[in-house]
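The values are calculated or read from the model by the stated rules, or taken from the named source; none is laboratory data. Keep in mind that this is a model prediction, so the values were computed, not measured. Methodologically, a virtual Cβ is constructed for each residue, glycine included, from the backbone with ideal geometry; neighbour enumeration extends over all protein chains shown.
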Amino acid sequence: MRQFTDWQITTLLLDAAVWTVVLSLIAFVGGALLGLVVTVMRVSGKKPLERLSAGFIAAVQSIPLLMLIFLCFFGPAVVGVEISPWVAAATALILFAAAFLAEIWRSSIQAVPRGQWEAGKALGLRFLQVFRDIVAPQALRLAVPPTVGFSVQVVKGTALTSIIGFVELTKAGTMLNNVTFRPFFVFAVVALVYFALCYPLSYASRLLERRLASR
């Protein structure tokens, strides 16, 4: 058994937490971009696009995130393609984020009175113009709090990527525990780091919700 000081353990876990943050940012930004495309398809009024986007959302939301990670990691091997744990983890989390963000944004857009769409069309504006200039700014107020709140789920979801060998905070904690045999201290630090990452996001979500509601 190798001896580590408390400071060394904490430092190693903080180093691993950097990869948790990086993966979370990639997943959230990538998921937001893909989710925006899916959202536009979902509210486009064109049946083929609506069905395709609805099918994507239903499929991803029906699969546990852990299974989605397994599929992204082991699935390509069926056709002889091997991908790294990093690529598989990022892909799975982007799909996960896109499906849930698209549904959050769709509900926010549909909460805007239908008359706003009709008014834009009466002015001769195209669909994308009505969406960009009239509907989206109103929907944004409704979408911001749950979007920020969902980012917490993305951060916590990165812990599941340890199962395919991606070394982030949880995986680093497991590896250190196997070496030091100090599970209480190691995983207490892991929990505190997750708390430090997630609590500000949760607080910001509640704060935004109260402020937007008061307006």
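Worth pointing out:
- Which numbered condition VAL148 misses (of (1) buried (at least 16 other Cβ atoms within 10 Å of the Cβ); (2) of a type in the set (Val, Ile, Thr); (3) modelled with pLDDT of 90 or more): (3)
- Selection count, segment 81-131, where residues are more than 29 Å from THR20 (Cβ to Cβ) and either part of a helix (DSSP H, G or I) or among the charged types (D, E, K, R) (or both): 17
- Those residues of segment 70-84 which are in contact with a Pro (Cβ under 9 Å, 6 or more places away or on another chain) and of a type in the set (Val, Ile, Thr), in sequence order: ILE83
- Screening GLN153, GLN129 for residues that are in contact (Cβ under 8 Å) with a residue 12 or more places away in the chain and either surrounded by 12 or more Cβ atoms within 10 Å (Cβ to Cβ) or under 27 Å from LEU66 (Cβ atoms) (or both) leaves exactly one candidate, GLN153.
- Selected residue (criterion: surrounded by the most Cβ atoms within 10 Å (Cβ to Cβ)) from residues of segment 91-117 that are without any contact (Cβ under 8 Å) to a residue 40 or more places away in the chain and over 18 Å from ARG42 (Cα atoms): THR91
- The single residue among PHE100, PHE127, PHE131, PHE150 that is of a type in the set (A, V, I, L, M, F, W, C), touching a Leu at 6+ places or on another chain (Cβ under 7 Å) and closer than 19 Å to VAL37 by Cβ turns out to be PHE150.
- Among the residues of segment 150-173, none qualifies, meaning not one is over 23 Å from ALA16 (Cα atoms) and hydroxyl-bearing (Ser, Thr, Tyr).
- Residues satisfying the stated conditions in segment 171-184, i.e. touching a residue at least 40 places away in the same chain (Cβ under 8 Å) and either in a helix (DSSP H, G or I) or in contact with a Phe, Trp or Tyr (Cβ under 7 Å, 6 or more places away or on another chain) (or both): LYS171, ALA172, GLY173, LEU176, VAL179, THR180
- Of all residues in segment 167-179, those being buried (at least 17 other Cβ atoms within 10 Å of the Cβ) and either of a type in the set (Ser, Thr, Tyr) or closer than 10 Å to LEU13 by Cβ (or both) number 5.
- Qualifying positions in segment 185-209 - exposed (fewer than 14 other Cβ atoms within 10 Å of the Cβ) and either outside any helix (DSSP H, G or I) or among the small types (Gly, Ala, Ser) (or both): ALA188, ALA191, ALA196
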